[in-house]
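Values in this text are rule-based calculations from the coordinates and carry no lab data. Computed from a predicted structure; not experimentally measured. Heads up, the Cβs are rebuilt from the backbone with ideal geometry, glycines too, and the neighbour counts pull from every protein chain shown.
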Amino acid sequence: MKCLDFSVKIHFSRLFLKVLCLLSSVLFIFQIDVVLAVEVKDLYQGTVMVESRNNERERLTAFSDVFRQVLIKVTGNTEVLTLPQVRQAINNAGDYVDTWSYRSISDPVQALPAPANTVRVVEPAQRVELSVTFFEPEVLSLLETANIPLWPGNRPYTLVWLVAQDELGARQLVGASSNGFAEIINLLESEARDRGLPLLLPILDFEDMRAVSANDVWDMDTEKLLQASQRYQSESVLVIRLFRTLSGEVFGKSHYLFRDQVFELETFEQSEQSFIRQSVSLATDEISAYYAVLLSGTDSNIQVSLTVEGIKSAEDYAALLAYVANLTDVNDYQVAAVENQTIILRLSTGGQIRQLVETIALSRTLEPIDELIRDDNQVYMSYQWNN
């Protein structure tokens, strides 16, 4: 399987794990399938092309450009760039920079025809790329102060079913190893990378082809597509169909299938890049909003008791604490009790219980043992350690 954007090797499993939680005055339920997820790297880093290594004004402008990239990746939301507090921060992007560096990139140049019996030597053009890394705590502080939700770095993959039709009406599915569609795949990679959205393309082997056809994708057959997507453990499914004219225009339609909802996009006479960008945005806007976490919290009165069984060694103990400390939804924690192979932790989450359950479900580090129980302002969660 080809993983777009992120070089992560994964092994598929057919194990589907459900967390059942009951939401009422005493008990509440969340139902969550284990899905294929990945820890997205370089969220606080970006690049931009510049003219020179020595122009300070150009460098400061580039800092602002890259900061826009980073803010979109860490939130999944382009609308944050319109907020006054964010616009002010972008104008002072240098205050948030941790490190930066330049590197030269050679562009191949196509030589003009040379006179007969002569050899024309053409040197490749040199371009300069500026790479900028921003200081994560300062970025998080900006989001918290501006009350902007963060999209945690552990993100589920989005499976892309894509069908292209040519001028003669022939339709072809685009998969991980499809020939003749490198341009489309590159566009998907680029747009998804800019939004921090992990993507998967189907293998399109015998099992896939038996489950879904090019016509099924063209017709946006939701039932068949969701059935075929179960193989990839993906609850986030982007369906794209496009017709390319000889002039390069695109007639396209996209459906984004996510948690029993269907979001639609249809476009006419646009460029292929514009259509792919809008299709990726269709998915990113919804999934990032669903998993977004307010760093400042919502209701600090809710106390979470997390019981974890299966802690058999000091290494397990240390690994569990490190795992909990790195959960974006957890503001603070304390060890309440240690008995045999069981540890009880008190978590401070700001009341964002659903986000915490969703985040844990994206990883298989903790497997639920019992239903989540809420009693007034106290929440009880029980898991098995599965490091």
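What does the net charge come to around L226 if you take all other residues with beta carbon closer than 10 Å to its beta carbon, with K and R at +1 and D and E at -1? Charge balance in the 10 Å sphere: -3. Under a 5 Å amide H cut-off, with hydrogens placed 1.01 Å from N, V38 pairs with R155, Y157 among residues at least 5 apart or on other chains. 3J(HN,Hα) along the stretch 82-90, derived from phi through the Karplus expression 6.51 cos²θ - 1.76 cosθ + 1.60 where θ = phi - 60°, amounts to 8, 6, x, 5, 6, 4, 5, 5, 5 Hz, with x in place of Gly and Pro. Here the extension length gained between S52 and E266 equals 72.9 nm, from 0.36 nm per residue of separation less the Cα-Cα distance.
With θ taken as phi - 60° and the Karplus curve 6.51 cos²θ - 1.76 cosθ + 1.60 applied, the whole-hertz 3J(HN,Hα) list for the stretch 174-181 is 10, x, 4, 10, 5, 8, x, 10 Hz, x standing for glycine and proline.
Once the piece of chain linking R231 and S348 is laid out straight, how much longer is it, given 0.36 nm per residue of separation minus the C-alpha distance between them? Difference between extended and current length: 38.5 nm. Across the stretch 338-343, coupling constants 3J(HN,Hα) worked out from phi with the 6.51/-1.76/1.60 Karplus curve, θ = phi - 60°, read 9, 9, 6, 9, 10, 10 Hz, and Gly and Pro carry x. Taking every Cα-Cα distance in the stretch 295-385 and sorting them into 10 Å bins from zero, the calculated P(r) comes out as 17, 56, 26, 2 percent.
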